[in-house]
Every structure is written in C-alpha cells, then in structure tokens.
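Colleague: Got a structure for you, written out below as structure tokens; questions coming shortly.
The values are calculated or read from the model by the stated rules, or taken from the named source; none is laboratory data. In this text, all values refer to a predicted model and were calculated from it rather than measured experimentally. Cβ coordinates were reconstructed from backbone atoms using ideal geometry, including for glycine residues, and neighbour counts include every protein chain displayed.
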C-alpha cells in the first residue's frame, strides 16, 4: 500500500466517522424532540386528574352542608383555576378535615386527599423529568462541535416548565357559589 492509498484510506475513514457521528447526533436531537411533547402531555393528564380530584373533594364538602360563610370562604377563596392557587386550595381542603370531624371520618374524603397528594408528587416528578429532557436537548443543539452540524436544521431551544405554566382548568364551584 502506497502512501497516497494510505492517506486516501484515512481520509475516507474520517469522512465515514463524521457522517456516522452526524447521523447519530441528528437522531439524538429528533428523539429528544419527540419525547418533549409526550412528557408535556403526560403532565397535562395529571393536571386534569388533579382538577377532577379537587372537584370531587369540593362535592364531598358540599354534601356535608358545610356552607356557612367561614367554611365557604376557606373552600372557595382560591378557586381561580390557576396553578398558583392550587396549593392554597389543597391546604384549605385539608384544613377542613381538622375543623370538621365528620369530614375526617369520611373514608372517601381521606382517600381522595391521599390520591391528590400522590398526583401532586407525580406532577412534580414529571416536571423535573420534562425539564431534564429539555436541558439535554438545549445542550445538544448548542454544544460545539454538534451545533456546527445542526445549524442548517434551525433547531430552536425549548423553554423549561415552571409551576406557573401548569394551569388547571377552572375548578367547579360549590352549591352556595352557584346560587
């Protein structure tokens, strides 16, 4: 094998390595791009479940006839339907358990409160996973030398998901609110 043939073989090998690396990098970005919407959708499903559980808890509170103004204020004060209001709603629903022993004894109420706590945990975990995946994607598209190869594809950085962006649909109102 002559020097020219050896040099040509090394050049060909280098080109093959760069092409394989480029295809692998592109596929990694595409995989992350497909995972991000799926993860966001999973979070939306959990938020819907949380909203349904809160609605059921409100119905239970309503069924006990706990409509006097102090309780009504505790339950309906934060029902604006935003993610920032949700922790306040959950705290108020939990505090009713202490104020009204008949609620504390209600197995369904306790079960729903437990499910709600689990859903809140799941939402936090999924949000962390989503943000981790977004961070991986954002890093891959800006890191050298991959960014040189990926620039022609115009990949855009994805935003992270914060608590404020996790909006709930409006919560149901209690019987007294609808009167």
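Colleague: Between 103, 93, 66, 108, which is at pLDDT 70 or above and either touching a helix residue (DSSP H, G or I) at 6+ places or on another chain (Cβ under 6 Å) or not in a helix (DSSP H, G or I) (or both)?
Modeller: Details: 103 fails: at pLDDT 70 or above; 66 fails: at pLDDT 70 or above; 108 fails: either touching a helix residue (DSSP H, G or I) at 6+ places or on another chain (Cβ under 6 Å) or not in a helix (DSSP H, G or I) (or both).
Just one listed residue meets the conditions, 93.
Residue-by-condition table, conditions (1) under 25 Å from residue 151 (Cα atoms); (2) loosely packed, with under 10 Cβ neighbours inside 10 Å; (3) at pLDDT 95 or above:
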residue	(1), (2), (3)
1	no, yes, no
7	no, no, no
11	yes, no, yes
14	yes, no, yes
22	yes, no, no
27	yes, no, yes
30	yes, no, yes
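Colleague: Turning to a different aspect of this structure: Return the residue satisfying two criteria in turn: it lies in region 111-147 and is at pLDDT 90 or above and either over 22 Å from the mean Cα position of the chain (by Cα) or not in a helix (DSSP H, G or I) (or both), and of such residues it is farthest from residue 89 (Cα to Cα).
Modeller: Checked region 111-147; the qualifying residue farthest from residue 89 (Cα to Cα) is 144.
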